[in-house]
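Notes follow once the structure below has been shown.
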Amino acid sequence: MLTRLHGGHVVDPVNGVDRVEDVWFENGRIVARPDHRKADVEYDAAGHVIMAGAIDIHSHIAGGGVNTARLLLPETHHAHRARPGSTPLSEAGWTAFETGRLYAQLGFTVVIEPAVLPHHALHAHLEMADIPIIDKGFLTVLGNDDFLLSALRDRESDAALTDYVGATLHSTRAIGIKCANPGGVCGCKQNLRSFALDDALPEYGISAREIVARLQRAVSATGIAHPLHLHMSNLGLAGNVETALATIDAMQGAPLHLAHAQFYAYGKDGKHGFSSAAARFAEKVNANKNITLDVGQVMFADTVTISTDVMKQLNSLPSARPKKGFIHDGDANGLGVVPYSYRISDYYNAVQWAAGLELFLLTEDPMRVFFTTDHPNGAPFTTYPEVFALLMSADRRAQWMSRLPADVLEMTTLPSIKREYTLSEIATMTRAAPRKLYGLDDRGQLGAGAIADIAVYKVHKDKAEMFRRTAYVFKDGELVVRDGEAQRFTRGKTLFVRPDYNSQMNTRLDAYYEESYGLGRQMFCVEDGALPNRDFFEETSSRRRM
């Protein structure tokens with residue numbers, strides 16, 4: 001069925017379009033305007049903005065941590081049933097079904113879960129299959145596992161590490177590799193409570209710096225699109241901007257993605273010994289074109305933090321709001337779940353809020369800074385419309401800043417920043433840039449041949465209202481949202497990569513599992529049959545993306 005959206009303002013940075021024109025699609029794909037055919041269905045998009053479906057590159061939507069958080073916070077479920085919309089977490093859709101519905105209603109059509117342990121992969125895939133409408137994928141986590149750390153200790157070759165990464169991506173059906181607090185989680189299990197970039201890890205004698213450098217090279221050598229996705233050391237600590245700057249320097253121009261960077265944008269200035277150092281961080285990123293980052297914006301709300309960085313989560317337990325939490329000392333990273341409430345009256349929370357906005361506004365290239373709240377760690381994804389509005393209006397930011405503790409404004413450059421994001425920059429950050437980062441060439445754009453994932457927003461002076469309620473969303477060419485409400489619950493695809501690697505690594509891993517666990521490794525591998533609706537990308541070691 002040939003469909004035409006006519007009269008709308010199309011914002012498509014990939015194809016250089018920022019003007020009023022029609023969008024045509026048929027059989028789930030964007031098509032060029034036909035010469036001699038009329039549309040079977042037409043939608044009047046005058047007074048609307050048309051973009052490709054948005055892509056969230058880092059959002060915790062499935063897996064052991066998410067389900068543990070659900071168990072730890074039953075009150076959010078009760079609130080959702082008895083008083084709809086009464087808590088931020090209930091508004092965020094605390095079920096798999098609601099996650100897909102609410103994301104689609106915001107105009108998002110692809111979401112990547114950023115932290116699934118390899119042994120939890122099958123469960124995560126089965127859970128993601130219950131999330132309707134949107135396409136999904138996940139990053140699997142390495143960097144604290146004994147096999148990798150032993151290989152580094154024994155000075156094994158880059159080729160061996162590349163084969164291990166390739167085998168892990170194959171067995172988990174992941175779209176990329178994440179490393180969380182490299183070496184630090186392993187050290188935490190040996191009663192370390194801090195682990196800096198150059199500390200030596202007991203038993204292995206290696207540093208976080210070496211883990212990151214070797215793992216980065218291995219991920220790059222597989223040829224997959226996404227570079228190593230790094231949750232750095234020292235998350236959340238005053239002065240940790242020095243860790244971020246040193247990590248960037250350590251890459252020496254090699255590609256690296258820094259996750260939830262706001263949580264590393266802290267200095268030690270002021271009477272509280274805690275300040276924003278986002279300006280220094282952004283300056284460093286601007287000067288190093290090999291670095292990309294997602295922000296992890298904090299918003300003032302009750303939420304829950306979910307992380308495989310067990311060291312950080314263990315240290316966070318005393319500040320839990322409410323006073324409860326869960327630490328799982330599992331294989332490799334384990335996981336930690338700690339509830340938290342970000343308050344506008346809290347000096348430290350207010351600095352965090354300001355630091356995130358500074359990173360957005362001071363990072364010059366919207367192709368290298370990505371829109372996230374690290375859902376739900378900085379805020380639930382349902383706060384996205386308000387964050388868009390803050391980025392697009394200096395006046396709106398000033399209104400919020402007027403409510404902050406007075407001494408906060410002395411510790412941030414935010415009051416001096418007048419930049420306002422344009423619609424094209426918003427589309428770049430949420431469509432064009434994620435498309436490139438993950439190699440999703442047929443998503444995030446509206447050129448002929450692209451998948452017909454389309455979001456249509458009614459123009460509104462209040463940008464939060466505009467992005468909160470989509471007029472139409474099309475997924476694979478099917479109308480799934482109309483007037484802000486989901487109408488059709490389709491099954492989205494699972495996205496993963498399948499790089500080349502030396503199959504001798506499988507034999508080696510089989511022997512390792514038998515010796516270490518007394519179990520066959522095949523028990524933990526995800527077969528294609530578990531992913532009935534899949535879309536994978538064949539990658540070879542000859543392919544490189546910067």
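The values are calculated or read from the model by the stated rules, or taken from the named source; none is laboratory data. This structure is a prediction, so every number in the text was calculated from the model and none was measured. All Cβ positions, glycine included, derive from the backbone under ideal geometry; neighbour counts span all protein chains shown. The area values use the complete protein model at the heavy-atom level, side chains included, leaving out ligands, DNA and RNA. Shrake-Rupley method; radii C 1.70, N 1.55, O 1.52, S 1.80 Å.
Observations, loosely collected:
- Among the residues listed as Asp154, Asp158, the single one being touching a Lys or Arg at 6+ places or on another chain (Cβ under 7 Å) and either at pLDDT below 95 or open to solvent by 10 Å² or more (accessible area, probe 1.4 Å) (or both): Asp158
- Within region 1-43, the residues that satisfy the criterion of being of a type in the set (Val, Ile, Thr) and in a strand (DSSP E or B) are Thr3, Val10, Val11, Val17, Val20, Val23, Ile30, Val31, Val41.
- Output for region 49-77, where each listed residue is of a type outside the set (Asp, Glu) and either in a helix (DSSP H, G or I) or open to solvent by 20 Å² or more (accessible area, probe 1.4 Å) (or both): Gly64, Gly65, Val66, Asn67, Thr68, Ala69, Arg70, Leu71, Leu72, Pro74, Thr76, His77
- Failed criterion for Met523 (all others in (1) open to solvent by 70 Å² or more (accessible area, probe 1.4 Å); (2) more than 26 Å from the chain's Cα centre (by Cα); (3) at pLDDT 95 or above hold): (3)
- Taking every residue in region 217-243 that is touching a residue at least 60 places away in the same chain (Cβ under 8 Å) and over 16 Å from Gly273 (Cβ atoms) and pairing it with any residue that is assigned to a strand (DSSP E or B) and of a type in the set (D, E, K, R), at least 6 positions away or on another chain, the pairs with Cβ-Cβ distances below 6 Å are Gly223/Glu539; Ile224/Glu539; His229/Lys178.
- Only one of the numbered conditions (1) without any contact (Cβ under 8 Å) to a residue 60 or more places away in the chain; (2) of a type in the set (Asp, Glu); (3) open to solvent by less than 40 Å² (accessible area, probe 1.4 Å) is not met by Glu425, and that is (3).
- Answer residue from region 449-480, given it is open to solvent by less than 10 Å² (accessible area, probe 1.4 Å) and aromatic (Phe, Trp, Tyr) and is nearest to Glu26 (Cα to Cα) among those: Phe474
- In this entry, Asp269 passes the filter for residues that are open to solvent by 20 Å² or more (accessible area, probe 1.4 Å) and farther than 28 Å from Met367 by Cβ.
- Matching option when the condition is open to solvent by 10 Å² or more (accessible area, probe 1.4 Å) and hydroxyl-bearing (Ser, Thr, Tyr), among Thr222, Thr247, Thr243: Thr243
- Every residue from region 375-387 that is open to solvent by 10 Å² or more (accessible area, probe 1.4 Å) and not in a loop (DSSP other than H, G, I, E, B): Thr382, Thr383, Glu386
- One residue from Ala277, Ala265, Ala287 being without any contact (Cβ under 8 Å) to a residue 12 or more places away in the chain and small (Gly, Ala, Ser): Ala287
Results for (1) outside any loop (DSSP other than H, G, I, E, B); (2) closer than 27 Å to Thr428 by Cα, shown as yes or no for each residue.
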residue	(1), (2)
Pro202	no, no
Ile206	no, no
Arg217	yes, no
Ile224	no, yes
Pro227	no, yes
Glu242	yes, no
Ala246	yes, no
Phe281	yes, yes
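- Flag if Leu256 is open to solvent by 10 Å² or more (accessible area, probe 1.4 Å) and within 20 Å of Pro182 (Cα to Cα): no
- Strands (runs of 3 or more DSSP E) contained in region 299-345 and holding at least 1 residues on the phi < 0 side of the Ramachandran plot, open to solvent by 50 Å² or more (accessible area, probe 1.4 Å) and without any contact (Cβ under 8 Å) to a residue 24 or more places away in the chain: 326-328
- Checking the stated criteria, Leu446 turns out not to satisfy the condition of being under 14 Å from Asp18 (Cα atoms), over 20 Å from the mean Cα position of the chain (by Cα) and surrounded by fewer than 21 Cβ atoms within 10 Å (Cβ to Cβ).
- Of the listed requirements (1) in contact with a helix residue (DSSP H, G or I) (Cβ under 8 Å, 6 or more places away or on another chain); (2) open to solvent by 60 Å² or more (accessible area, probe 1.4 Å), Ala530 misses just one: (2).
- Hey, Ala46 farther than 30 Å from Ser341 by Cα, in a loop (DSSP other than H, G, I, E, B), modelled with pLDDT of 90 or more and of a type outside the set (Lys, Arg) or not: yes
- Pairs, first over 30 Å from Ala464 (Cα atoms) in region 106-132, second assigned to a strand (DSSP E or B) and of a type in the set (A, V, I, L, M), C-beta under 6 Å, six or more apart: Leu117/Val141; Ala124/Val116
- Number of the exception - Ala406 against (1) modelled with pLDDT of 95 or more; (2) open to solvent by 40 Å² or more (accessible area, probe 1.4 Å): (1)
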